[in-house]
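The values are calculated or read from the model by the stated rules, or taken from the named source; none is laboratory data. Worth saying up front: this structure is predicted, and the values here are computed from it rather than measured. FYI the Cβ positions are ideal-geometry reconstructions off the backbone, even for glycines, and counts take in every protein chain you see. Keep in mind that these areas ignore ligands, DNA and RNA; they rest on the heavy atoms of the full protein, side chains included. Shrake-Rupley method; radii C 1.70, N 1.55, O 1.52, S 1.80 Å.
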Amino acid sequence: QDDITTRHLIWSSTKQVLGIITGIALEEGLISSLDDPISNYLSSELQGHPEKAAITIRQLITMHSGIDFNNDGVSGQTDKLLRQLPDSIVPFILSRPMRNDPGTDFYYNDGDPHLVSAIIQKAVGKPTGEWADEVFFSKIGVTNLNWVSYKDGTSQGGYGIETTPRELGKIAMCVANKGSFEGQQIVAADYIAEMISER
């Protein structure tokens, strides 16, 4: 019964779900292109951080932003966000120094996908998790799921989904079926192909 009813934090698997949601936002025109600079969506938050204005959504979602966001241990930024110490998640991430130029180096971190979630949230005008339920989860029969928000109301993109193995199976089936679920195309097949392609 545990796999049917008990929710578990899926931690970084949230990132893959966010990738799917980003595809839906793109298809619906809420994001015009993955190559949009983040300044198109986070202009006020970028005040004082001009070196980050040209970072693209694609660079965030593939973790090539160049922002020095460290996940590791109590010295890392993820620890501070898990304990909800900064007042707001986006200014905290954007205040980090750059470790290299955007697009030059893959660096696994939670900061980049948190920013993607914030961009989607601004674009759709409601929490990413709430919108995801409308356009994705409800369409594939996922009901036993909670998407945790930061204390400022931002759905967390690097982690934050709580759900069950069976609900995760529905998400996996949608991806395996090229964005289709029970005959309905939920996410564009070409986007899914790009999302899962090796880089």
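For this structure, a couple of remarks:
- Relative contact order of the chain, pairs being alpha-carbon contacts under 8 Å that are 6 or more residues apart, as %: 28 percent
- Across all directions, the average projected area of the convex hull around the alpha carbons of region 1-83 is 7.8 nm².
- Relative frequency of Cα-Cα separations exceeding 13 Å in region 10-54, percent: 63 percent
- Ranked by solvent-accessible area (1.4 Å probe, protein heavy atoms only, all chains present), the residues Met63, Met173 order from largest to smallest as Met173, Met63.
- Once the chain from Ser44 to Asp72 is taken as fully extended at 0.36 nm per residue, the excess over their C-alpha distance is 7.2 nm.
- Computed over protein heavy atoms with a 1.4 Å probe, the accessible surface of the chain works out to 46 Å² per residue.
- Taking amide H as placed 1.01 Å from N in the peptide plane, the amide H of Ile186 sits under 5 Å from that of Ser180, Phe181, each at least 5 places away or on another chain.
- About the Cα centre, charge dipole magnitude for the chain (Lys/Arg +1, Asp/Glu -1 at Cβ), debye: 200 debye
- For the chain, the carbon plus sulfur part of the accessible surface works out to 50%, probe radius 1.4 Å.
- Unit charges at the beta carbon, dipole of the chain: most positive-side option, Gly111, Asn100, Ile89: Ile89
- When only alpha carbons of region 1-152 are considered, Rg and Dmax amount to 15.6, 51 Å.
- Distance between the 7 Å Cα→Cβ label points at Gln185 and Ser12: 3.3 nm.
- Residue pairs, from the table Lys122/Lys151; Lys122/Lys170; Lys80/Lys126; Lys15/Lys178; Lys122/Lys178; Lys52/Lys122, whose Cα atoms sit over 20 Å apart: Lys122/Lys170; Lys80/Lys126; Lys122/Lys178
- Net charge in the neighbourhood of Leu18 (other residues with Cβ under 12 Å of its Cβ; Lys, Arg +1, Asp, Glu -1) is -1.
- Kirkwood radius for region 54-137, taken over all pairs of different Cα atoms as the inverse mean of 1/r, rounds to 13.5 Å.
- In region 89-196, the C-alpha radius of gyration followed by the widest Cα-Cα span (Dmax) gives 15.4, 46 angstrom.
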